[in-house]
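Here the structure comes first, spelled out in structure tokens, and everything after it is commentary.
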Amino acid sequence: TGALPRCAAGLSGSAQPSVLAPDAEWRTLEGLRFILWHLKYILCGGDADAFAYVMQWFGFDFQVRLKPGVMLQFVSEEGIGKSAIFGRNRSGPGIVMRICGRYYQWADDIESLLGKFNGHSMDRLFCVMEEAGTYRKGHKDHNKMKSMITEGIMTVELKHINATTKNDHRAFAMLTNNRDSLKITDGARRFLCLEGNDELSQKAVDENRCDADTRHEYMAKLDRVKN
């Protein structure tokens, strides 16, 4: 029930053709339907179960405004449209940044989130780590990151001011090209790792798996719709 589930249910199922096909569904979609198609078939790689989980994750985050307790990690080649949803690209802020406004946080360095003098993390609701998970940092700070994803309390330190505790309701998402960005052990419950579809990436163009005109058409439409 509700507008979002009805819209999501209208997307094609397992019979979805290649995203490069002349009759690919994205060519006929507009607005929210197109964004949901992008989430399902590009960022979630066409995995219906992963897409359903991500929709529930977003629903909980935006409606309840409490930590989901799971971080989304989107792994893919560069240029498939991750920042258009979660970050900022050349055409302007992405959708999540627009929704959250001043409660949005962006980081390209895990240590800036986990180290001292972290006042910039106060009073935020959504944190996106873009290319923040290098091998050394992601593994060294593994336990601190797990706590940050689930704990609703944070210790805040400002220069020349005594440390204090604050409520922390941030949801976390990571955008990365590095498969080894996180140390994930058997039985881990705090991470959902999603492998994107790279058929429309610049790498696909360079390898002659996608023509430049099709990539330009898709990315131009993504920018127009998200803006």
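Residues in the stretch 51-69 that are of a type outside the set (Phe, Trp, Tyr) and surrounded by fewer than 19 Cβ atoms within 10 Å (Cβ to Cβ): Ala52, Met55, Gln56, Gly59, Gln63, Val64, Arg65, Leu66, Gly69. Glu157 meets each of the listed conditions (1) among the acidic types (Asp, Glu); (2) modelled with pLDDT of 85 or more; (3) open to solvent by less than 80 Å² (accessible area, probe 1.4 Å) apart from (2).
Against the numbered list (1) at pLDDT 90 or above; (2) open to solvent by less than 50 Å² (accessible area, probe 1.4 Å); (3) over 28 Å from Glu78 (Cβ atoms), Asn118 comes up short only at (1).
Mind listing just one residue for me: the one in the stretch 166-184 that is part of a loop (DSSP other than H, G, I, E, B) and basic (Lys, Arg) and, of those, surrounded by the most Cβ atoms within 10 Å (Cβ to Cβ)? Give the steps one after another, and end with the answer.
The first filter runs over the stretch 166-184 and keeps only residues part of a loop (DSSP other than H, G, I, E, B), leaving 168-170, 177-184.
Filter once more, so that each one left must be basic (Lys, Arg): 170, 179, 183.
Numbers: Arg170: 23, Arg179: 13, Lys183: 17.
Within the stretch 166-184, the match that is surrounded by the most Cβ atoms within 10 Å (Cβ to Cβ) is Arg170.
Quick one: is Ala220 more than 14 Å from the chain's Cα centre (by Cα), of a type outside the set (Asp, Glu) and open to solvent by less than 20 Å² (accessible area, probe 1.4 Å)? Walk me through how you get there before you give the answer.
Values: more than 14 Å from the chain's Cα centre (by Cα): yes; of a type outside the set (Asp, Glu): yes; open to solvent by less than 20 Å² (accessible area, probe 1.4 Å): no.
The answer is no for Ala220.
With the structure loaded, tell me whether Asp213 is under 30 Å from Trp26 (Cβ atoms), touching a Ser or Thr at 6+ places or on another chain (Cβ under 9 Å) and either part of a helix (DSSP H, G or I) or without any contact (Cβ under 8 Å) to a residue 60 or more places away in the chain (or both) or whether it fails that test. When the stated conditions are applied, Asp213 does not pass them. Answer yes or no: is there a residue in the stretch 89-104 that is polar (S, T, N, Q) and either modelled with pLDDT under 90 or open to solvent by 60 Å² or more (accessible area, probe 1.4 Å) (or both). No, the stretch 89-104 contains no residue that is polar (S, T, N, Q) and either modelled with pLDDT under 90 or open to solvent by 60 Å² or more (accessible area, probe 1.4 Å) (or both).
When only residues in the stretch 74-88 that are open to solvent by less than 30 Å² (accessible area, probe 1.4 Å) and assigned to a loop (DSSP other than H, G, I, E, B) count, which is nearest to Glu199 (Cα to Cα)? Walk me through how you get there before you give the answer.
Of all residues in the stretch 74-88, those open to solvent by less than 30 Å² (accessible area, probe 1.4 Å) come to 74-76, 80-87.
Those left that are additionally assigned to a loop (DSSP other than H, G, I, E, B): 76, 80-81, 87.
On the way: Ser76: 11, Ile80: 8, Gly81: 12, Gly87: 21 Å.
Residue satisfying both the conditions and the ranking: Ile80.
The values are calculated or read from the model by the stated rules, or taken from the named source; none is laboratory data. Source: prediction; values computed, not measured. Cβ atoms come from the backbone with ideal geometry, glycine included; neighbour counts cover every protein chain shown. Each accessible area value is taken on the protein alone, full model and side chains, heavy atoms only, with ligands, DNA and RNA left out. Shrake-Rupley method; radii C 1.70, N 1.55, O 1.52, S 1.80 Å.
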